[in-house]
Amino acid sequence: MGGLLVWLVSFFFLIALLIIIVFQLMCLADLEFDYINPYDSSKRINRVILPEFITQGVLCAFFLLTGHWFMSLLCGPYLYYNVRQYTRKQHLVDVTEIFNMLDKEKKRRLFKLFYLVFLLFLCIFWMILTALEDHE
Amino acid sequence: MGTRNPEMTPFSSSGPLVGSYDESSPPPSIPLPQSTSIPPRFPAPPQSASQFPQQQFPTIPQQQFPSIPPPQFPQQQFPTIPHQQVPHQQVPHQQVPHQQFPHQPFPAMPNQPAPYAPPLQGQPYAPPLQGQPYAPPPLQRQPYAPPPFQGQPSGPPLAANIQALMEDFSSLSVGSIPGSIEPGVDLKALPRPLDADIHPKSLSDMYPMNCNPRYLRLTTTGIPSSQSLVSRWHLPLGAVVCPLAQVPDGEEVPIINFASTGIIRCRRCRTYVNPYVTFTDAGRKWRCNMCSLLNDVPGDYFAHLDATGRRIDLDQRPELTQGSVEFVAPTEYMVRPPMPPLYFFLIDVSVSAVRSGMIEVVAKTIRSCLDKLPGFPRTQIGFATFDSTIHFYNLKSSLTQPQMMVVSDLDDIFVPLPDDLLVNLSESRNVVETFLDSLPSMFQDNVNVESALGPALKAALMLMSQLGGKLLIFQNTLPSFGVGRLKLRGDDPRVYGTDKEHMLRIPEDPLYKQMAAEFTKFQIGVDVYAFSDKYTDIASLGTLAKYTGGQVYYYPGFQSAIHGEKLKHELARDLTRETAWESVMRVRCGKGVRFSSYHGNFMLRSTDLLALPAVDCDKAFAMQLSLEDTLLTTQTVYFQVALLYTASCGERRIRVHTAAAPVVTDLAEMYRQADTGAIVSLLSRLAIEKTLSSKLEDARNSLQLRITKALKEYRNLYSVQHRLGGRIIYPESLKFLLLYGLSLYKSTPLRGGYPDVALDERCAAGFTMMTLSVEKLLKLLYPSLIWVDEHLLKTTDHEDIESLKRLPLAASSLDSRGLYIYDDGFRIVVWFGRVLAPDIAMNLLGPECAAELSKVSLGKRDNEMSRKMIKIVEKLRESEPSYYKLCHLVRQGEQPREGFLLLMNLVEDPMGGTNGYVDWVLQVHRQVQQNP
C-alpha cells in the first residue's frame, strides 16, 4: 500500500508543477497577444518561479528518499538546470527585456512541460503497476 | 607627408585608379573600353578622368582635380554592350524612353491603385496640384542616381546612359601597385566618405510623398520579396527611425486638427490616413494602403473626386500629400490629462562633487535655463540632493527661502511634504532662484564621501510617480550607500577574454533594471550625468537611461574649469530642446512584413509598442524587419511611424511619418539600393548589444563576418558573368561599408580589450551610440579632419568653412608644417604640427604657445587669424548642436595626449594590433574569396 501512496503523492507533485508551468506559459502568451502588460506578466511569473523550483526539488528528494532512484535520476537534469539558473540569478524573468526573451522563455517552459508530461506518464504507469501488484 | 597642396593630395580623390591597374587579372575581367587596353603604368596625377578606362563606370566616385579643366569626353566604345555609341551631348537622358534601360528596376505598375503614376517620358510623378509642398523637382529619370559626389560631373547625360546600361558595381583591384613591389590595394583608390553623409535619393524620387529620410531610413529601399532573398542579404534588414528629428528652419511639420471628425484611421489595422490611401466610390470610401481594407469616409471628411480619381480638396489636406504630419489627438488618446513638463534634479553633493565644481556649473546652468524651459506656465520643477542622506527642498511659492529637509533613514524612505517638493516654476520662481543661487555654497564644506543613489532614486520615484517627467541625475561617485550600492569592478585584466567578460558591461545590481522599469511605468525619463575620474559603474547607471528613453552624459575627470562649458551647453540643450512627454511609438508596416526586434533606448510595452517617457530630436531608434510569409505578393511595402505624445504646450499629438518602398525580386537590386548609413547604424547597435552578452572579440568577429558574407554574396552574383580575378567588388551603394565597418571595429565600445579603453568610457560610448541618429553616428565613426593653416593665412574672409576639404583619417594626411582640426561631433582636437610656422601658433595662443598645450585654451585674441580660427570652431559647433565640442589642443609628438586624443582615432592607420584600412580591405577580400 505504501508504494501506491508514494506514486500518488508524486503524481500530485507533478500535477502541481504542470499547473505552475502552464500558468507561466499562459502569462507569456497573454503578453504576446497584448492582453496584459509586461509589468503584471513578469510579476505573476516571478511569483511562482521559486515555488516551482522548490516543488521540483522536493519531488526529486522525495523520489530519492523513497528509493525510486531511477525516477530521481530522471528528475536530476531538471533540478540541475533550475539550480544553475538560480545561482546565475537568471531564474526570474526580466521585465525590461521580456519581449526580446519571449521566444526563449516560452521554449524553455514548453520543454519543461513536455518533460513533466513524460514524468507524469511514467508516474502513472508505475502507479497502475503498483496498484495491480497490490491487488494481486 | 609633405604634400602641401590639398587639391593635389592624392587622398582627395576617392578612386581614379579603380579598375585600371589590374595587371594580374585577365584582360576582359570587366568590360573595358578598347581605347584603353594599355593601362597607364605610371599615371601622372593630373591625368584627366576621361582617360581612365573606368570611364564607363560612372557610378564610381571620380574626383576631378579642380585645377584641371573638365576634359572633353571622347565618344566611347562599349565592346560588350549593343548600344555602342552614345553621343553624350545630344542625348538628354530625360528623353530616353526608360524602357530601354536593361536595368529598369521597377517596371511601372499599371494596375497599381496607389497614386503613383507610372512616369512617362522619364518624368517623375508629380500630382497636378498647385502648391504641393513635397512636389519633387523634375529630376532626371534615373532610378539609381548615385549620390552626387564632389567633383564628379553630377549626371552628365553620358554618365546617365552608361550607368543604366552597365552592371553597376564597383571594384577595386588587388594587384600590385604600379611602382611598388608589395602586393596590395592602392591606398589612394580606396573609397572614403569625405563628403557629408548622403542618403540615397532614389526612393524619394520614386515616392515623392515619402517622409524625409531624416525621419526614417531603410537599410535597403528594395524590400526583398522572399525569405530566400532575406537570407542572402546578410546585412541587417530594417530601419532607423528618428521621429522628432530636427527640421531646418522654414520646414515645419504641418499640424492637423480633425476636431469633430476624429482622426481618420483604418478600422482594421489602425493605420493613420496618409498620402498613399486611395479614395474610391466617388469619394465615399477609402482603401487602406497597408491592409487594403475599404473604409468609410466620415461625412465631415467627404470630398468629391475629380476625373482622375483625386480628391478635389487635396491641396487643403496636407495629410494626403505629405509624408510627415502631426495630428492633434482628441481625448480618446489620453489616459489622463496631458502632463505638464516636469524636471526633477537629483544631485550628488558628496565631497568629490563639491571639489570638481560640478554643483556650481549645474546650478548656474539650470538657473540660466529657467526662462527657456518648455511649457511655460505649466512647467514643474523640483530638486533633491544626496550624500549619505537625502535632502529635499520645500520650494512652496509662499516661502521666501527654500526649506531643506533631511531624510537619513534610508532603509525606509519617506518623502516629507510630498506636495511642496515639486512646484510650479512660474509660481515659485523666486524660491527656485534663491535655492539655485545658494546651492553651491550650501555644500561647500561637505566632507561626506558616501553617495546614496539607490535610496535617492526611490525617493524620486515616489515624488514623480504622480505626474511623470524627466529626472536628471548628477552622479559623481560610485553609489556606495543604501540599496543599489555598487562594487568596484573591471580592474581585473584577467576577466577579459573569458566568459565572464560581458558581466562587466551589464548592470551588477538588478535594482537598476527594476527602477528603470518602474520609471518607465510612471512616465519618467532619466538622463544620467556622470563625472567621476574613478570607476562609477556606468554600466549600471546607464541602464536607468536605457530603459527610459534617456541618455548618458559622461565627463570623465570633470573639472569645472575645463569641462564646465561642455556641461553647460549639453545640460542647457537637454533642458531647453523640444521634448515629447509620455509618448509611445509604434511602427506599422504593410502585410507580409513585420518588425521583429528593436534597438535603442526605450522599453517595450508590448511586442511592437515602444514606451518613451521623454523623447526628443536627438534620439533615434533602430529596428529589424522580418518577412512573415515566404513570399511577398505586393509591389510596394508601406511603413508608418506613429509617435503619440504630449507636447510641452499640453496638447496631445500624434506625429505620423509614412514611407513607401518597392518590393524587389532580385538580390542585386537590394544591394544596389542599400543605404550604408542605416546599415552601419543597425550594425553598430547590434554589435554593442552583442558586447552585453559575449566577449568584445566575438562582437567584433560577428561584425566582420556579416560584412564578409554580404560582400561574398554580392561577388557571387557577378563572378559567373564576369571574370573578376583578384578584384574586390562591392555595390556602389555600399562602397563605404568596409571603411565604416573598420571604424566600428575600432570604435570605443568595441575596441581592443582591457588596456585600450576604460570600462566606464566603453559603456558610456555604447549607451551614446545606441541613441545617435545616422548622420551623427557616421560622423563619430569617420570624423572629419581638416587642414586649416592655409585657410587662416588667406586674407579673404568671405571664404566659408564648407570650402575646407576633409582629409583621409590617416597619419599620412598630417603634415608637421600644418595645423589641423579633428572633429568627431563630440569634441574638436586642434593638432599643431611640430614645425608649424611660429607666427600662427603665436597668433592663436598668444605668448602661452610654448607652454604645454593641455593647459592652454583657444581663446579669442585680437588678430585676424585668431578670429578666423574661432569662427571655424564656432561654425563646427553650430553645425551639430546636440553635443558641445570641447576644444582640445595638442602638439605633434606630445605623448601620451596626442595618442589618445588623435592618433588612436585615425582609423585608417594600423594601431595596436588592429588593421589599417588597406590591410583590412585585403583581409576581408581574402575571406570573401575563400570557399565556401
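The values are calculated or read from the model by the stated rules, or taken from the named source; none is laboratory data. Note that the structure is a prediction, hence the values are computed from the model and not measured. Here Cβ is always computed from backbone atoms with ideal geometry, including for glycine, and neighbour counts include all displayed protein chains. Protein only, heavy atoms only, side chains kept; ligands, DNA and RNA dropped before computing areas. Shrake-Rupley method; radii C 1.70, N 1.55, O 1.52, S 1.80 Å.
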Strictly greater than 17 Å: what percent of every Cα pair in the stretch B:495-593 meets that?
64
So if each residue of separation counts as 0.36 nm, and I subtract the Cα-Cα distance between residue B:302 and residue B:261, what length gain in nm does that give?
13.7 nm
Partner chain coverage, peptide B:609-616 - average Cβ within 10 angstrom:
1
In terms of the Cα gyration tensor, with a ≥ b ≥ c the square roots of its eigenvalues, is the stretch B:566-695 rounded because a/c is under 1.5, prolate because a/b exceeds b/c, or oblate?
prolate
Would you please give the residues with an amide H less than 5 Å from that of residue B:216, counting only those at least 5 places away or on a separate chain, with H modeled from the backbone geometry?
B:242
Of all stretches in chain A that avoid trypsin sites (Lys or Arg not before Pro) placed in a DSSP loop and having at most 13 other Cβ atoms within 10 Å, the longest is A:1-87
With Rg from the Cα atoms and Rh as the Kirkwood inverse mean 1/r over Cα pairs, the stretch B:189-283 has an Rg/Rh of 1.04
5 angstrom amide H check on residue B:383, placed H, neighbours 5+ away:
B:345, B:393
Calculate, in nm to one decimal, what residue B:702 and residue B:372 gain on full extension: separation in residues at 0.36 nm each, minus their alpha carbon distance.
114.2 nm
Keeping every protein chain in place, order B:532, B:441 by accessible area at 1.4 Å, biggest value first, i.e. largest first.
B:441, B:532
Expected integer from the mean partner chain Cβ neighbour count at 10 Å over A:91-99 is 5
Cα gyration tensor shape for chain A, rounded if a/c is under 1.5, else prolate or oblate:
prolate
Using a Debye calculation, one point per C-alpha and no hydration shell, please list log10 I(q)/I(0) for the stretch B:636-778 at q = 0.19 Å⁻¹ in order.
-1.14
In nm, to one decimal, how far is the modelled label at residue A:5 from the one at residue A:54, with both set 7 Å along Cα→Cβ?
2.4
³J(HN,Hα) across the stretch B:595-604 via Karplus (A = 6.51, B = -1.76, C = 1.60, θ = phi - 60°), whole Hz, x for Gly/Pro?
7, 9, 8, 10, 9, x, 9, 5, 10, 6
Residue B:875 and residue B:328 label points (each 7 Å along its Cα→Cβ direction) are spaced in nm at 4.3
In whole percent, what relative contact order does the stretch B:229-306 give with Cα contacts below 8 Å and a gap of six or more residues?
19
With a Förster radius of 56 Å, plug the Cβ-Cβ distance of residue B:631 and residue A:65 into 1/(1 + (r/R0)^6) and report the FRET value to the nearest 0.05.
0.45
Mind listing the phi-derived Karplus ³J(HN,Hα) values for the stretch B:856-868, rounded to whole Hz, using 6.51, -1.76 and 1.60 with θ = phi - 60°, and x for any glycine or proline?
9, 10, 8, x, 6, 10, 8, 8, 4, 5, 5, 4, 5
Efficiency by 1/(1 + (r/R0)^6): what FRET value for residue B:576 and residue B:293, r their Cβ-Cβ distance, R0 = 60 Å, to the nearest 0.05?
0.90
Please find the FRET efficiency linking residue B:430 to residue B:281, where r is the Cβ-Cβ separation and R0 is fixed at 60 Å, and quote it to the nearest 0.05.
0.45
Sticking to Cα atoms, compute the Rg of the stretch B:412-528 to one decimal and its Dmax as the biggest Cα-Cα distance, whole number, in Å.
17.7, 57
Ignoring ligands, DNA and RNA, how do B:477, B:308 rank by accessible area with a 1.4 Å probe, largest first?
B:308, B:477
Bounding extents of the stretch B:267-395 in its principal axis frame from Cα atoms, largest first in Å, are 75, 26, 25
Per 0.36 nm of contour for each residue apart, how much would the distance between residue B:313 and residue B:397 grow if the chain were fully extended, relative to their Cα-Cα spacing?
25.1 nm
Accessible area, probe 1.4 Å, largest first, for residues A:125, B:327:
A:125, B:327
With label points set 7 Å from each Cα along the Cα-to-Cβ direction at residue B:790 and residue B:923, the distance between them in nm comes to 3.4
Rounded to whole Å, √(5λ) for the Cα gyration tensor eigenvalues of the stretch A:84-135, largest first, gives 37, 12, 6
